[in-house]
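No lab work stands behind these numbers, since they all come straight from the coordinates. Keep in mind that this is a model prediction, so the values were computed, not measured. Note that we place each Cβ from the backbone using ideal geometry, even for glycine, and neighbour counts take in every protein chain shown.
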There are 2 protein chains.
Amino acid sequence: MIRTLTTCLTAIIFAGHAVAADWQALPDTALAPADNPTTEAKVELGKMLYMDPRFSSTGTVSCNSCHNIMEGGEDSRSVSMGVHGKTGSRNAPTVWNSAFHSVQFWDGRAVLLEDQARGPVANPVEMGMSDVEAAMERVRAIPGYQPWFDQAFGKDSMTVENAAKAVAAFERTLITPNSPFDRYVKGDKKAMTEQQVRGMNTFAASGCTGCHSGAAFNGPEMKTGEGFYAKFPTFTDNAYVSRYKLADDKGRHDVTGNAADENMFRVPTLRNITDTAPYFHNGSVNDLHEAVRIMAKTQLNRELGDKEVDDIVAFLAALTGEYPTIVMPRLPATAGRSLLIQ
Amino acid sequence: MIRTLTTCLTAIIFAGHAVAADWQALPDTALAPADNPTTEAKVELGKMLYMDPRFSSTGTVSCNSCHNIMEGGEDSRSVSMGVHGKTGSRNAPTVWNSAFHSVQFWDGRAVLLEDQARGPVANPVEMGMSDVEAAMERVRAIPGYQPWFDQAFGKDSMTVENAAKAVAAFERTLITPNSPFDRYVKGDKKAMTEQQVRGMNTFAASGCTGCHSGAAFNGPEMKTGEGFYAKFPTFTDNAYVSRYKLADDKGRHDVTGNAADENMFRVPTLRNITDTAPYFHNGSVNDLHEAVRIMAKTQLNRELGDKEVDDIVAFLAALTGEYPTIVMPRLPATAGRSLLIQ
């Protein structure tokens, strides 16, 4: 549902210039679930909650710590560092354009952003709270949050459910439209360089669009609740798999227990990929050229030449869009007393 | 020098209302050193550097992590948590209005903000870089920073000295004028409540202004290089000293080695003190009422009644000013490669 986009879905064939593919510009708004329409009040409240580190056990980790909206929506680390310097096993996916994902998390264990927002709070290597209700107790202990909840959700609305809705509403505004690719698709033929157009053609002709299709290059539109997954690595008879430990993480299998889900991952967006190194679910590859070579080999069993790789990387750079201007929220204080100390 | 304020320095006596004291409104600008005039380009660059966590060893700690400008300019913790979950021994002072401090750090080991900015980068329990030049190497490795340095300082200007100047220039804009107290001092007699006026009088009559004088309530104007220090605790024959371990930290003595500097600390500002709990150099006291009682006993050998304490706390709340609106900076990327990974 959240991927149901009514604008900018244009199937374009650049006769003589581009390989036939359903190239789509990124919408500049995201649809919201029926029970959580996006409002200004929710977005403002969600931004505050997103940036507030006091809802982690140490008071040092906010959503933004690992999904930094001043950067590419992640943290430049292979795997994130949560409370007490603890680390997890997966690379933080970018929050930018996450509204357009079929499901959330690498393993799709949350369907909507509303579900995702609750996860890291109680993860012992992320925000480290005993449970999400304990975090909500802290929200309630900050008097300045109440008027924001009142405005966004009405009286007596300081619940986990509404906090998650507010964060999700804010995240749905984190969209980066108007990349060179988007302008090209919309008709500005000078928006991409010749090399980028060549890279786009190679990208499609090589089969990358088999998974990386759609406006966010993360697969086709799905029904709500259905994720778009791919097996990674698909072709394992190559040196990359062991060198980068690509098959160690069983992906969605750890959620469902189904053998068919082994090494299945939600297909990530390629939007702003130049800003989100390092790459892959384990953050093991710190070079976009190498990442492209690996994907070609492990997913398509193709060995790309250096020029093809360069062209595709040039094209991927054309997917980096415009980040909106965001005013820092003021995080309300607890007058004369820190709630981090009992 | 940075405390030389040419405006708003008004000595006001509220005949019949207030105890005679040199009450001063907070200026809305801070003077800068002659070799680092504040410019828009420096402020913008400084804001980026201030918010960028990539200059810590783990990539998780920025200046803002412990001196959070979305909050009271600190982190609500007793002592801050740096890289790998390590903790120090002193409470993070607020960055708000730090331009008006006589010297920087609790022990005054830096004179100017330009000097202070270099300290935490190489502190093993703060940002944990091997040295400040290693952090500067990272700045240089991010192509998007160069045009900002060019604009702020001219060509070939990517040096530690200029980075520190930019951060200091940004910090000099972090001023919170127009508190109820400021409006009261400027003539709006309704800006403070009766209790706050009473608290102001008790504050002065009790002797608090002996140290907490001036526009920032952190002491008189000093010559550049000279700090305004006070011995804390001065009176040690009370239960507070051991209960809160007030005398364990030798303060400026650890910098100079002089016996006369034992337990001497730079007098902190009281501006926005309601937003900066917990209190004191060791962050040991998490209640502003208790902090007021302790200060009266340990510094003035006075025991305040509950009503006096309540009044003073009410007055201190009148020192919380208006935080300026700040737009989040975009932190430039290193295309297709994270500089946190070698």
Task: CD proxy at 222 nm, helix term only [per DSSP H run n ≥ 4: -39500 (n - 2.57); per residue of chain A; nearest 500] - done: -8000 deg cm²/dmol
Open item on the list: List the residues, sorted by chain then number, that are 5 or more residues from B:Ala110 or on another chain and whose placed amide H is less than 5 Å from its amide H.
Closed with: B:Gln104
Task: Among B:Asn201, B:Asn218, B:Asn238, residue whose mean-square fluctuation peaks in a GNM of chain B (springs only between Cα atoms under 10 Å) - done: B:Asn238
Open item on the list: For a quick check: with amide H placed at 1.01 Å from N, whose amide H comes under 5 Å from B:Val285's, ignoring anything fewer than 5 positions away on the same chain?
Closed with: B:Tyr279
Open item on the list: Using a label point 7 Å beyond Cα on the Cα-Cβ vector, give me the inter-copy distances for A:Pro324 in nanometres, one decimal, shortest first.
Closed with: 2.5
Task: Long-range Cα-Cα pairs in the stretch A:89-216 (distance over 22 Å), rounded percent - done: 54 percent
TODO: Indicate, rounded to the nearest 5 percent, the antiparallel portion of the DSSP beta bridges found entirely in chain A.
DONE: 90 percent
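Could you work out the relative contact order of the stretch A:40-171? I mean the mean sequence separation of Cα pairs under 8 Å and 6+ apart, divided by the number of residues, in percent.
Numbers: 219 pairs, mean separation 43.3, N = 132.
Relative contact order for the stretch A:40-171 comes out at 33 percent.
If R0 is 35 Å, what FRET efficiency do you get for A:Ala260 and A:Asp237 from their C-beta distance, rounded to 0.05? Walk me through the intermediate numbers first.
Numbers: r = 21 Å, r/R0 = 0.59.
With R0 = 35 Å, the Cβ-Cβ based efficiency is 0.95.
Hey, what did the stretch B:180-317 get for relative contact order, percent, Cα under 8 Å, at least 6 apart? Intermediate values should be presented prior to the final figure.
On the way: 185 pairs, mean separation 41.1, N = 138.
Contact order relative to length: 30 percent.
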- [ ] Using Cα centres only, tell me the gap between the stretch B:289-342 and the stretch A:216-267 in whole Å.
- [x] 47 Å
TODO: Report the residue of chain B with the smallest Cβ-to-axis distance, using the rotation axis that brings B onto A, in whole Å.
DONE: B:Gly85, 2
Open item on the list: Can you bin every Cα-Cα distance in the stretch B:180-317 into 5 Å intervals starting at zero and give me the percent of pairs per bin, rounded to whole numbers?
Closed with: 2, 10, 18, 22, 21, 14, 8, 4, 1, 0
Task: Whole-Hz couplings from phi, Karplus 6.51/-1.76/1.60, listed for the stretch B:261-275; x for Gly and Pro - done: 8, 4, 6, 8, 10, 4, 5, x, 5, 9, 4, 6, 5, 5, 9
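Which of the pairs B:Lys245/B:Lys297; B:Lys47/B:Lys165; A:Lys47/A:Lys223; A:Lys245/A:Lys297 have their Cα atoms more than 18 Å apart in this structure?
Values: B:Lys245/B:Lys297 15 Å; B:Lys47/B:Lys165 11 Å; A:Lys47/A:Lys223 28 Å; A:Lys245/A:Lys297 15 Å.
Over 18 Å apart, Cα to Cα: A:Lys47/A:Lys223.
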- [ ] Would you mind getting me the FRET efficiency between A:Asp248 and B:His253? Use the beta-carbon distance for r and R0 = 45 Å, nearest 0.05.
- [x] 0.25
Open item on the list: Principal axis extents for the protein assembly as shown, Cα atoms only, whole Å, descending order, please.
Closed with: 86, 57, 43
Task: aspartates and glutamates whose Cα lies under 13 Å from that of A:Lys190, excluding same-chain neighbours fewer than 8 positions away - done: A:Asp182
Task: Distances in nm from B:Lys307 to the matching label points in the other copies, shortest first (labels 7 Å along Cα to Cβ) - done: 9.1
TODO: Please list the radius of gyration and Dmax for the stretch B:77-136, considering alpha-carbon atoms only, with Å as the unit.
DONE: 11.9, 32
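Quick one: what do you get for chain A if you divide its Cα Rg by 2.2 N^0.38 Å? Mind dumping the intermediate values first?
Working: Rg = 20.5 Å, N = 342, 2.2 N^0.38 = 20.2 Å.
In units of the 2.2 N^0.38 Å rule of thumb, it is 1.02.
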- [ ] Note down the Stokes-Einstein diffusion coefficient of the stretch A:229-306 in µm²/s, whole number, using a Kirkwood radius over alpha carbon pairs, 4 °C, and 1.567 mPa s.
- [x] 100 µm²/s
